[in-house]
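The values are calculated or read from the model by the stated rules, or taken from the named source; none is laboratory data. Predicted model, so just to flag it, every value in this text is computed and none were measured. Cβ placement follows ideal geometry from the backbone for every residue including glycine, while neighbour counts extend to all protein chains displayed. Accessible surface areas use protein heavy atoms only, side chains included; no ligands, DNA or RNA. Shrake-Rupley method; radii C 1.70, N 1.55, O 1.52, S 1.80 Å.
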Amino acid sequence: MADRKALTSILFPHSASTDPAAECDEPACFRDLKLDAIVARMIAGRQDYGLEPLFHAPLSDPDTIAYRQAVIRDLADPGIAGAMARFTETMRQRSRQRRQAAVAGSRLEAQRWQLDAAASYRRAVVALRDELEALEPVSEGLTAWRDELRAHIATPAFRRYCEEMDRVRAALDGVRYGVRIRENGFEVQPDPEGADLVAEAEQVFAPLRESERPEPADADDRGERSMDPVETRILDSIARLNPEPFAALAGFCEDYGDTADPVILRFERELQFVRAVRAYVDRLQRQGLPFCDPQLCTHKTGVGAREAFDLALADQLVARGEPVVTNDFHWQEGERVLVVTGPNQGGKTTFARSVGQLHYLARLGCPVPAREARLLLTDRVFTHFDREEQVGDGRGKLEDDLARIGWILEAATERSLVILNEPFHATQLQDAVTLTTRTLEALMERDAFGVCVTFVDEVARLDSRIASLASTLDESESQRRTFRVQRLPADGRAHARSLAEDHGLTYERLRERLPR
């Protein structure tokens, strides 16, 4: 079909001829924040669309983020979601038919699969146009798409395409032939005389299956089985007896080639991003977990979230039927770093990861895992989590920590979020105090936001720009970890109590074990 003005993208309001996310690699923070696992779960079953680069390309423009948020909200409407699901399935049928054409054993079979794929494509776009006409999308992206899809279908090029397709299909449907089976082969005959035995058999046995009659099959759905050699020979004979319809079929395939407009294919791919996000969020919301569209700000006032949670962990807990713990956090006026201390296995790392996830997902235009959220529109999210030493890299653990954190501090700006999880934990205590102190001082000099999980209590009292948070224990239940993180002074006692419990060194346990 002829070139035309590009349709509106549903992910980018100022659509370009190329995909803005096409060349994006996985960000360095992805694995630390377990976003790789989250995205893998989101796109399961949609791998053919190559969606990963879209998740690797966070947005910087607040208007573009709001534009995408609105499209994702639209698909919360069951009517719109159903229309998009039907469009997707018909387009997938088209893809399967094109694959069949690519592996067909004969030229004629391949051409027929191409014709079927063309019919599936037309059915998909016309049905979506009709359904969107009856629905009321709110987002600018879907309303603009509906209008331009309507205009595309009305173009002379699309009309000619449909008219030619109908002409070819009618010609093929008009072919009549018979096959006479002989002892050593078969003979194809034109326009056979006598009764249509297939029609007669269907009429005789129709009452027996009336109660189980399936819905009428679409004329374009002939199954997806390749022809065997005998069928191929029969088809070749039919084509020789009926050259005009098959010449028309060949002409259609030559004239139109790939049956889909590239912009429609781009829409199909972008739609899968939206559907993947929507399905993932809806599944967890049905389990009672909160999500919201965050308010994004460029100034550092009132940044925080209520009932936030680690999305990767929540997905696992929901699958096991276990409860999900949520946390609140915020940076008060003038604060830049949240220092998190407390007992081991108390939820500190999970909390830090959730803060990073919220800020990254917000820049994708996705709903975020929280009841309410006001987040900084970051330029980047940096992470430093523990990693195994790489054999043969020539660096020890401390040297590796210094190199990685040094790179972060050089790249971080006043709009960055830096997540540090147990930096320098493998060093001596005094060295850890010194190095962590200098790291946080350098971070605050850049006026960046940060979250630092550490066993070094001293740094929580370092500066007024640092807020002290701690994971808590349930005093009434033998120091059971609550996995909640609250604003508390870092006194080290919670950590000490936890260690004593783990090693059987509490006052009560010692009294039980020691003689009086």
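Checking the structure you have, find out if any residue of region 175-187 is closer than 29 Å to G257 by Cα, open to solvent by less than 70 Å² (accessible area, probe 1.4 Å), touching a residue at least 24 places away in the same chain (Cβ under 8 Å) and not polar (S, T, N, Q). Yes, some residue in region 175-187 is closer than 29 Å to G257 by Cα, open to solvent by less than 70 Å² (accessible area, probe 1.4 Å), touching a residue at least 24 places away in the same chain (Cβ under 8 Å) and not polar (S, T, N, Q).
So which residues in region 119-166 are under 26 Å from the mean Cα position of the chain (by Cα), part of a helix (DSSP H, G or I) and among the β-branched types (V, I, T)? Result: V125, T143.
Restricting attention to region 302-352, the residues being in a helix (DSSP H, G or I) and free of Cβ contacts under 8 Å to residues at least 12 places away in the same chain number 3. Looking across region 390-402 at every residue that is surrounded by 13 or more Cβ atoms within 10 Å (Cβ to Cβ) and out of contact with any helix residue (DSSP H, G or I) (no Cβ under 9 Å at 6 or more places or on another chain), the one that is modelled with the highest pLDDT is identified as D400. Of the residues making up region 439-456, those that are part of a loop (DSSP other than H, G, I, E, B) and closer than 23 Å to R487 by Cα are D447, A448, T454, F455, V456.
Results for (1) on the phi > 0 side of the Ramachandran plot; (2) part of a strand (DSSP E or B); (3) modelled with pLDDT under 90; (4) among the aliphatic types (A, V, I, L, M), shown as yes or no for each residue.
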site	(1), (2), (3), (4)
R404	no, no, no, no
L409	no, no, no, yes
T427	no, no, yes, no
T437	no, no, no, no
V459	no, no, no, yes
L473	no, yes, yes, yes
V485	no, yes, no, yes
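Residues in region 104-118 that are assigned to a helix (DSSP H, G or I) and open to solvent by 10 Å² or more (accessible area, probe 1.4 Å) were compared, and the one that is nearest to F87 (Cα to Cα) is Q114. Evaluate the following for R41: is it at pLDDT below 95 and open to solvent by 30 Å² or more (accessible area, probe 1.4 Å)? So R41 does not fit the description; no. Taken over region 125-159, the criterion of being of a type in the set (K, R) and touching a residue at least 24 places away in the same chain (Cβ under 8 Å) is satisfied by R129 alone.
For the structure I just gave you, tell me whether E210 is surrounded by 10 or more Cβ atoms within 10 Å (Cβ to Cβ) and at pLDDT below 70. Criteria not met by E210. Annotation: of all residues in region 254-311 being touching a Phe, Trp or Tyr at 6+ places or on another chain (Cβ under 9 Å) and of a type in the set (S, T, Y), the one that is least open to solvent (accessible area, probe 1.4 Å) is T259. If you go through region 92-117 and keep only what is under 17 Å from L235 (Cα atoms), without any contact (Cβ under 8 Å) to a residue 24 or more places away in the chain and under 30 Å from the mean Cα position of the chain (by Cα), you end up with just A101.
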